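The values are calculated or read from the model by the stated rules, or taken from the named source; none is laboratory data. Fair warning: this is a prediction, and the values are worked out from it, not measured in the lab. Backbone-built Cβ (ideal geometry, glycine too); neighbour counts: all protein chains shown. In case anyone asks, the SASA skips ligands and DNA or RNA and just uses the protein heavy atoms, side chains included. Shrake-Rupley method; radii C 1.70, N 1.55, O 1.52, S 1.80 Å.
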Amino acid sequence: MLAIVFFILYGSLTADFQECGMRYALNRFEAVISFGGKTLRSEFPWHVAIYRQYNTQQSPSYICGGSIIHPKVILTAAHCIYNETYYGTDNATFIIVAGKYYISWEYLDPVEQRMNVIDIKYPKTYLGFSNRYAEDIALLLLNTTIKYSSAIMPVCIDWSSEYEVENLLTPGTVVGWGLTENNATSDELLMANLNYIDFTKCRDNVASGFSFFITSDKFCAGLDNGTAVQRGDSGGGITFSRKVNNTEQYYLYGIISIKDTGRSNIAAFTDLKKHLLWLNSTLLSMTGADLLSVGEGIKDPPPKFPLSVLASLTGGRRK
């Protein structure tokens with residue numbers, strides 16, 4: 001059976017490097033993404049907009065979201081930059097805009113920073129539809145360094161991976177400019193709070209064709225009231241809050257990947273925990289000694305696994 005599936009793809013205070021995942025403009029809107037809620041400007045300082053441009057005669061078009069994890073690296077979904085026709089990176093120019101609130105390319109937000117993508121990495125085993133969209137994760141290297149502030153900063157990453165996503169009792173938060181419940185693109189950045197859905201329950205509650213694409217490196221999330229990520233939200237992250245030294249910080253647990261069109265409330269997320277080895281080694285190859293600025297910052301950089309350990313654990317299959 002042909003799966004009914006679409007990608008969720010559309011078309012100043014100085015911050016210390018140790019800061020990550022801080023919602024300075026934390027609001028109290030209830031949980032429109034679809035049936036979501038409004039955000040405040042700069043409320044999610046790690047979320048960026050990704051635009052694609054095929055030639056200089058046309059304006060760049062918004063395609064996906066992403067998360068800042070390093071001053072020169074953005075984390076997103078592989079399908080955002082992948083071309084299914086010839087199984088490789090799309091032949092286009094990709095532009096990242098940090099600090100964006102209104103998605104229009106022509107509108108300049110007061111704090112936004114625009115950067116070109118100069119290198120793209122994703123797992124060699126990512127083959128899109130041919131491999132059930134497994135390993136839907138990518139890193140984008142920027143041509144210039146992001147200037148951090150309270151409005152633009154990285155999301156937190158738990159490099160120790162000492163957590164179990166299935167034990168999370170609180171909803172995760174997603175943001176994006178995707179389609180609303182009115183099937184129209186949102187001009188403003190929207191948010192939604194989604195509950196983790198048990199793997200077995202997820203497979204049992206989606207269309208049979210779609211369950212084939214719920215690979216072992218994904219987890220599901222959604223709500224029964226219709227709140228869900230939609231087309232245009234791909235590549236953004238789902239974050240869960242933690243109290244760190246009495247401060248609420250948001251940690252990235254997954255990347256918005258694919259969604260069941262038959263049941264509007266369930267989406268699948270690439271599980272970051274399943275890709276930490278690839279993420280660490282690829283960041284090292286892209287940034288070298290700059291790893292100290294990743295995620296949780298100078299106090300707690302990601303572990304530098306010996307190359308021999310990486311080779312044995314990854315089987316030499318990843319970039």
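A dipole drawn for region 41-132 from +1 and -1 charges on Cβ atoms has a positive end, and of Phe94, Ala78, Asn131 the residue lying farthest that way is Asn131. Remark: region 57-168 carries 38 Å² of accessible area per residue (probe radius 1.4 Å; ligands, DNA and RNA excluded).
Given the options Ser150, Met115, Asn167, identify the residue whose Cα lies farthest towards the positive end of the charge dipole of region 115-209 (+1 on Cβ of Lys, Arg; -1 on Cβ of Asp, Glu). With unit charges placed on the Cβ atoms, the residue in question is Met115. Beyond 22 Å between alpha-carbons counts as too far, so tell me which of Lys201/Lys259; Lys72/Lys259; Lys100/Lys147; Lys147/Lys274; Lys124/Lys218 fall in that bin. Table pairs above 22 Å Cα-Cα are Lys72/Lys259; Lys147/Lys274.
When the solvent-accessible area of region 104-182 is split by element, carbon and sulfur atoms take up 49 percent of it, the probe being 1.4 Å.
Here's the picture: a label point sits 7 Å out from the Cα of Glu188 along the beta-carbon direction, and within region 97-133 the residues with their amide nitrogen under 19 Å of it are 99-112.
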